[in-house]
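The block underneath contains the structure these notes are about, expressed in structure tokens.
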Amino acid sequence: MYRFREDEQDYAVLPDVKPPELNQYGKPIQLVEENDALAKKSLNINGDSSIGENPNRYKQHGFYFNADNCISCHACESACSEKNDLPAHLAFRSVGYIEGGTYPAYQRLNISMACNHCDDPVCLKGCPTRAYTKFAEYGAVLQDPDICFGCGYCTWVCPYNAPQLDTNAGHVSKCNMCVDRLEQGLKPACVSACLAGALDFGVIETKPENRDQLEVQIPGFPDPEITHPNIRFQQNKSLPREMTRPDSMPLRYERDEQGQGAYKAKVRKKNKDRQWGLSKLRSREDPLVVFTLITQTVVGAFMALFLGNEVLGFESLSIEHSPIAVPVFLFTLLALETFALVLSTMHLGKPHRFYRSFNNLRYSPVSREVAGIAVFFNMLGVYTLLTVLPSIFQEMPKDLITSLQSFFGWAAVVAGPVALYFMCKIYHIKARPFWNHWQVYTSFYGSMLSQGSLLTGLVFAGVLAGKGASYIELMQLLSVTVLAGLVLEAVGLVFHARDLEKRGGEGAASLHEQFTTFGKTYISRNIGLALSIVAVSVLVLSGVDGWGGYSGWFLTGVMLLATSLVGRALFYVLVIPTTMPGAFFWRNQSFQEHARETGLANMQQVGVVADIH
């Protein structure tokens, strides 16, 4: 527990004030009553079982930021880093800024931001390991790095860049509201260190000294409706109509003259020509590119095999007709999905803790996706054993084996699309507008239909061609789902671009990057998608059989695979979160890339990790 010093200054002491009953979001400020069973329990800070005597211990606390006073001295950052013993590449509190106007009327607005200990913490709901807890004490949202396994999903959903993924340590950590100081009646370290009186802290909705505003928004701050953050702002000085960010995000903030005068995020177009951007197409999420595509392909391929045989009666897809191809195909699907699952596990900061993925099935879409894929994988595995190795079950009645095959087959057919639904839900994130669109469904399910069906067709058409039999009827059937998947994805892309352009903000900024930085790559991907549709249509209508026709189908499959890989890579690198602005060097993606390319990142004091996990 932090110890109260004898010479502690008055500005560092929490005032005892009486707040209103409700905050600006309509939530009670008194989190539990004093006589509640939750009250008078120790937080066990550093093993200390004592209980703080703060009279407002069970009221929601929050930060106050006066933008008019902040001079960007970074004392708050330094105090926070020193107290929490943070490495140079992490900062629980960071200072960024936006700027506008022209000389000599240039103006700059500094913003100091940490965790806002929200009323509706999306990090808590999203975390699959339940590493987050919102405490009745002070309303603090605390995170336990020892529980975290480093998936980084909380860093996706948080609009304020509060959770920090340490790729060196393999876990996330964040601001803990300095609850050890609060227990002693002291303000957090960052507040106590503020030189200009810009930062303050106390029970939410109570005005600190020399304040006259309790605003929930400020230029550059994300929509507070996403999480209902517990931070209040003051900003009285007039600003230019347009403000821009000094970091690489193609964003500006324009005052809405017709509304309440609030600043809205707009696209900052840099008049860039179309580029390939291939060097920027790689990201930390590369394992997820492969994982999502393989999983969707495996689900679609099994559905094509099972439904084609069981429902549509295609004998060429049965084990009786293809006693070697069917077992090899099923075991290949299992092997592919096993590889995908291992790859997704190794993507974690601490892969050996993968089993914690199931800890938050109630709220986390990550937990639900993992559970859904686990169910599909196991159903597919049991179906494969019952189909391929019936000798293991010799003592069981044949009718029972057939019934079990049917049951587990249908279970896998249902579990696969359900797992993909939860996979889609992972990306419905308000803090990432580029993903927060129904196009995710058309992309993921489109890949399931097109890639899964085409893979099944290539395997069994090859078997039929090897036997000298015709595969035209089979490919005509499977081409329907292939074309359906391709058209579904194409329609999603069209509406995605149209809707993001209308919405504006970070989504439109991602769209701008798509058309400029990755413009040539994006166009090539779309051409590949269109050519795949044309190629499938021509092959079906021409009715070409034999190995000549098979080579056409094979080349179409290769083209579709390349198109899918590029499209999925773009999906991850294009997203621009509704995060806080950085500075010219600090929290600037372009500078981080420059530091890694030039070797500056090898100097720890630069604050950039040399190698991304």
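Figures for the structure shown
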{"item": "Selection within the stretch 584-603 - buried (at least 19 other Cβ atoms within 10 Å of the Cβ) and at pLDDT 90 or above", "result": "ASN588, PHE591, GLN592, ALA595, ALA601"}
{"item": "Leading residue by the ranking (surrounded by the fewest Cβ atoms within 10 Å (Cβ to Cβ)) among those in the stretch 403-432 that are small (Gly, Ala, Ser) and over 21 Å from the mean Cα position of the chain (by Cα)", "result": "SER403"}
{"item": "Failed item, numbered, when THR579 is tested on (1) modelled with pLDDT under 95; (2) surrounded by fewer than 21 Cβ atoms within 10 Å (Cβ to Cβ); (3) closer than 30 Å to ALA265 by Cβ", "result": "(2)"}
{"item": "Residue count for the stretch 568-586, restricted to those that are part of a loop (DSSP other than H, G, I, E, B) and touching a residue at least 24 places away in the same chain (Cβ under 8 Å)", "result": "12"}
{"item": "Check on ASP68, touching a Lys or Arg at 6+ places or on another chain (Cβ under 7 Å), assigned to a loop (DSSP other than H, G, I, E, B) and either in the same structural domain as LYS187 (by TED's automatic domain parsing) or more than 28 Å from PRO224 (Cα to Cα) (or both)", "result": "yes"}
{"item": "Residue satisfying all of: in the stretch 498-544; hydroxyl-bearing (Ser, Thr, Tyr) and farther than 18 Å from GLY485 by Cβ; nearest to the chain's Cα centre (by Cα) among these", "result": "SER510"}
{"item": "Test for TYR550: is it at pLDDT 95 or above, more than 33 Å from the chain's Cα centre (by Cα) and not aliphatic (A, V, I, L, M)", "result": "yes"}
{"item": "Leading residue by the ranking (farthest from the chain's Cα centre (by Cα)) among those in the stretch 1-50 that are surrounded by 15 or more Cβ atoms within 10 Å (Cβ to Cβ) and over 29 Å from ILE226 (Cβ atoms)", "result": "PRO15"}
{"item": "Where ASN54 falls short, out of the listed (1) surrounded by fewer than 17 Cβ atoms within 10 Å (Cβ to Cβ); (2) over 28 Å from SER248 (Cα atoms); (3) of a type outside the set (Asp, Glu)", "result": "(1)"}
{"item": "Which listed residue, of ASN54, ASN110, is part of a strand (DSSP E or B), assigned by TED's automatic domain parsing to the domain that holds ALA169, on the phi < 0 side of the Ramachandran plot and of a type outside the set (D, E, K, R)", "result": "ASN110"}
{"item": "Residues (assigned to a loop (DSSP other than H, G, I, E, B) and surrounded by 14 or more Cβ atoms within 10 Å (Cβ to Cβ)) located in the stretch 97-107", "result": "GLY101"}
{"item": "Complete set of residues in the stretch 310-335 that are more than 19 Å from GLY466 (Cβ to Cβ), surrounded by 13 or more Cβ atoms within 10 Å (Cβ to Cβ) and not hydrophobic (A, V, I, L, M, F, W, C)", "result": "GLU310"}
{"item": "Scope the stretch 429-450; condition within 19 Å of GLY126 (Cα to Cα) and touching a residue at least 60 places away in the same chain (Cβ under 8 Å); matching residues", "result": "ILE429, LYS430, ALA431, ARG432, PRO433, PHE434, TRP435, ASN436, HIS437"}
{"item": "Of the criteria (1) of a type outside the set (Lys, Arg); (2) out of contact with any Ser or Thr (no Cβ under 6 Å at 6 or more places or on another chain); (3) not in a helix (DSSP H, G or I), which one THR338 fails", "result": "(3)"}
{"item": "Residue that is surrounded by the most Cβ atoms within 10 Å (Cβ to Cβ) [pool: residues in the stretch 462-484 that are touching a helix residue (DSSP H, G or I) at 6+ places or on another chain (Cβ under 9 Å) and in a loop (DSSP other than H, G, I, E, B)]", "result": "TYR471"}
{"item": "Count of residues meeting criterion [under 19 Å from LEU199 (Cα atoms), among the β-branched types (Val, Ile, Thr) and part of a strand (DSSP E or B)] in the stretch 218-253", "result": "1"}
{"item": "Exclusive hit being touching a residue at least 60 places away in the same chain (Cβ under 8 Å), farther than 21 Å from ASP286 by Cα and surrounded by fewer than 21 Cβ atoms within 10 Å (Cβ to Cβ), set TRP547, TRP553", "result": "TRP547"}
{"item": "Failed condition for ARG274, given (1) surrounded by fewer than 19 Cβ atoms within 10 Å (Cβ to Cβ); (2) free of Cβ contacts under 8 Å to residues at least 24 places away in the same chain", "result": "(2)"}
{"item": "Residues of the stretch 224-252 that turn out to be modelled with pLDDT under 95 and of a type in the set (Phe, Trp, Tyr), as a count", "result": "0"}
{"item": "Residue check for LEU531: surrounded by fewer than 19 Cβ atoms within 10 Å (Cβ to Cβ), in contact with a Ser or Thr (Cβ under 9 Å, 6 or more places away or on another chain) and of a type outside the set (Lys, Arg)", "result": "yes"}
{"item": "Odd one out for ALA304 among (1) in contact (Cβ under 8 Å) with a residue 40 or more places away in the chain; (2) within 25 Å of ARG587 (Cβ to Cβ); (3) not β-branched (Val, Ile, Thr)", "result": "(2)"}
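Residues checked against (1) part of a helix (DSSP H, G or I); (2) surrounded by fewer than 18 Cβ atoms within 10 Å (Cβ to Cβ):
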| residue | (1), (2) |
| --- | --- |
| TRP435 | no, no |
| GLN451 | yes, no |
| THR456 | yes, no |
| LEU486 | yes, no |
| VAL491 | yes, yes |
| ALA508 | yes, no |
| THR517 | no, no |
| LYS520 | yes, yes |
| ILE527 | yes, yes |
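The values are calculated or read from the model by the stated rules, or taken from the named source; none is laboratory data. Not measured: the values here are computed from a predicted model. In this analysis, Cβ positions are derived from the backbone assuming ideal geometry, glycine residues included, and neighbour counts consider all displayed protein chains.
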